[in-house]
Amino acid sequence: MKEYERKGLLERVEREGATVGASIPEEITVQGQDIDLREFVFEIKRRDTVPPGERDRVEQAKTNLRRERLQRKQRLEEGDITHEEGERLVESIIGIDRALNALESLGGTNLEAEEKAKEAADQKRWMSFLQKALGKKDASKRSRL
């Protein structure tokens, strides 16, 4: 494969809207194991939230998919491959990205709750700081309420 072809394929992988219209692969080999990726993603997505017993499974799947994506991208960057093999790699990487996007969008409500909790804690620390800076007495007692 020529270098300009490789750069074009890598650009497609990194394009922000690359996953728009892309489909999740039916089956993919990750770490030497065949996975029915589309079925897995749709099974998890059917639920509104990920049950506690499934969270570890989903997190492990995301980790494995990220690792596989990285390996395929490195093969595209450094491997001695044909343009056709590169095209197949790009399609599989975009499919992995699509699956990762779907799996990462599952925890939206939990992420929102975490963000609100962080904001509340930040506001509480800020108010405590202001009270101390302005010389208000018992600032530390009020900030613990």
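The values are calculated or read from the model by the stated rules, or taken from the named source; none is laboratory data. In this text, all values refer to a predicted model and were calculated from it rather than measured experimentally. We place every Cβ from the backbone using ideal geometry, glycine too, and count neighbours over all the protein chains shown.
Remarks
- One residue stands out in region 48-62 among those that are surrounded by fewer than 18 Cβ atoms within 10 Å (Cβ to Cβ) and modelled with pLDDT of 85 or more: the one that is farthest from the chain's Cα centre (by Cα), namely 60.
- Output for region 11-38, where each listed residue is under 19 Å from the mean Cα position of the chain (by Cα) and assigned to a helix (DSSP H, G or I): 12, 13, 14, 37, 38
- Residue list for region 68-104, filter: among the acidic types (Asp, Glu), within 17 Å of residue 37 (Cβ to Cβ) and either touching a strand residue (DSSP E or B) at 6+ places or on another chain (Cβ under 8 Å) or loosely packed, with under 13 Cβ neighbours inside 10 Å (or both): 68, 104
- From the list 73, 116, the one residue that fits, being more than 30 Å from residue 4 (Cβ to Cβ) and either out of contact with any Pro (no Cβ under 7 Å at 6 or more places or on another chain) or touching a residue at least 24 places away in the same chain (Cβ under 8 Å) (or both), is 116.
- Test result for residue 61, small (Gly, Ala, Ser), in contact (Cβ under 8 Å) with a residue 12 or more places away in the chain and assigned to a helix (DSSP H, G or I): yes
- Residue check, residue 65 closer than 30 Å to residue 2 by Cα, surrounded by 17 or more Cβ atoms within 10 Å (Cβ to Cβ) and more than 19 Å from the chain's Cα centre (by Cα): no
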